[in-house]
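Worksheet: the structure to be examined is printed underneath.
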Amino acid sequence: MEKEIKRIAVLTSGGDASGMNAAVRAVCRSAIAKGLDIFGVNRGYEGLITGDLFKMDLRSVSEILHRGGTMLYSARCPEFKTKEGIERGVRTCKQFGIDGIVVIGGDGSFRGARDLSLAGIPCIGIPATIDNDISCSDYTIGVDTALNTIIDSVDKIRDTSHSHDRCSLVEVMGRHCGYLALNAGIATGAMAILVPEKELDFQHDIVERMQFTRGIGKKHFIILVAEGVDYPGGIAQMAKDIEEATGVVTKTTVLGYVQRGGSPTAKDRIVATKMGVTAVHLLAQGIGNRVVVMNGEKIVDYDIKEALKMKKAFDDELYTLSHEISI
Ligand code: ADP
Ligand code: F6P
């Protein structure tokens, strides 16, 4: 698909992620460098439906590179999953003369971009979510910042856990995906890592492992739990059950939104900038309906429909390795 593109828009959608601002900045400045008009859309697809757009210039994106969150705000917009919602989005594009859109967000946002592309508005998706759960990309903007925040927090929790010979149960984000728990677990030396991809055997995975490691001199225990792990009563109940089964005082910490915000790391700023520029270069050539993603360390682009069919495997090797090393 190729058509002349003169005026584009950029939006952020779904859960915010550190580095989204860096991507917005790159899209805006790269578009202007290419001689395109650029509009910002507030609150993702909601703003597209209601016509909440504004013209950007080079200074519109000053002082945002180092900030978490998104200057364009984000939203979840159920209406965009309907035919009427897409039609309203297309109408807004016609009204503002928008020829193409850069959508920065997760898997759900990519589905919206696919539907908008099918309705005749060329879109380019840029992956941004702390979960790293977009199948077509090895990396999503925000992951490195989130991981480093988790590591920083768990290192602090470890000091207290160690000083009091306690067990610390730390819940990290990941409703459907254990990437953050697994990788943060490796980086913080967690004795156990609980992820939604693996069925939990409480007795084997936690109680027996604690008893075994205690038998070989371990005095305190860090357990990382992805929020998507299904345990009746949640981690509060899990802590009580651990205490009852092992006698070790067990405390819980839910890291929550601490993981989503904050100043992006070098990696997130650089990847976001490269992806933003690549997205604009595609649109400037009249190419739409693509996603700009990471394949290994390389930035590549795929057809959006094909990209949404891809599957990503859980890293079993890393999971197994954690059992050998964090003991
Ligand atoms: P993320 O993009 O982080 O995965 P969501 O899954 O909440 O976050 O999706 C963000 C938004 O993308 C939704 O609120 C909705 O507006 C849009 N969206 C999600 N799924 C679809 C879909 N199947 N079709 C069209 N739009 C969708
Ligand atoms: O950004 C992804 C994510 O953090 C998931 O891990 C989590 O389940 C979800 O967002 C929660 O988002 P919200 O609180 O905005 O619904």
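The values are calculated or read from the model by the stated rules, or taken from the named source; none is laboratory data. A quick note: this is a predicted structure, and the numbers were derived from the prediction, not measured. Don't worry about glycine lacking a Cβ; one is built from the backbone with ideal geometry, like all the others, and counts go over all protein chains shown.
Residues in the stretch 62-82 that are small (Gly, Ala, Ser) and either surrounded by 13 or more Cβ atoms within 10 Å (Cβ to Cβ) or closer than 13 Å to Ala17 by Cβ (or both): Gly68, Gly69, Ser74, Ala75. Somewhere in the stretch 19-41, is a residue polar (S, T, N, Q), touching a residue at least 12 places away in the same chain (Cβ under 8 Å) and touching a strand residue (DSSP E or B) at 6+ places or on another chain (Cβ under 8 Å)? The answer is no; no qualifying residue exists.
Given the residues Ala9, Ala22, Ala33, which is the only one that is modelled with pLDDT of 95 or more, farther than 18 Å from Gly108 by Cα and over 22 Å from the mean Cα position of the chain (by Cα)? None of the others qualify; the one that does is Ala33. Please go through (1) among the hydrophobic types (A, V, I, L, M, F, W, C); (2) within 16 Å of ligand 2 (Cβ to nearest atom); (3) buried (at least 20 other Cβ atoms within 10 Å of the Cβ) for Ile223 and return the number of the only condition it doesn't satisfy. Condition not satisfied by Ile223: (2). Scanning the stretch 212-242 for residues that are in a helix (DSSP H, G or I) and either in contact (Cβ under 8 Å) with a residue 40 or more places away in the chain or farther than 22 Å from Val154 by Cα (or both) returns Phe212, Thr213, Gly215, Ile235, Met238, Ala239, Ile242.
Take Lys251 and tell me if it is out of contact with any Cys (no Cβ under 8 Å at 6 or more places or on another chain) and basic (Lys, Arg).
Working: out of contact with any Cys (no Cβ under 8 Å at 6 or more places or on another chain): no; basic (Lys, Arg): yes.
So Lys251 does not fit the description; no.
Among the candidates Arg209, Arg175, the residue that is surrounded by fewer than 22 Cβ atoms within 10 Å (Cβ to Cβ), closer than 19 Å to Gln237 by Cα, within 16 Å of ligand 2 (Cβ to nearest atom) and not assigned by TED's automatic domain parsing to the domain that holds Gly14 is uniquely Arg175. Every listed requirement among (1) farther than 24 Å from Pro264 by Cα; (2) surrounded by fewer than 23 Cβ atoms within 10 Å (Cβ to Cβ); (3) not charged (D, E, K, R) is met by Gly89 save one, (2). In the stretch 94-106, the residues that are under 12 Å from Gly51 (Cβ atoms) form Cβ pairs under 8 Å with partners that are assigned to a loop (DSSP other than H, G, I, E, B), at six or more places apart or across chains, as follows: Gln95/Gly51; Phe96/Gly51; Ile98/Ile121.
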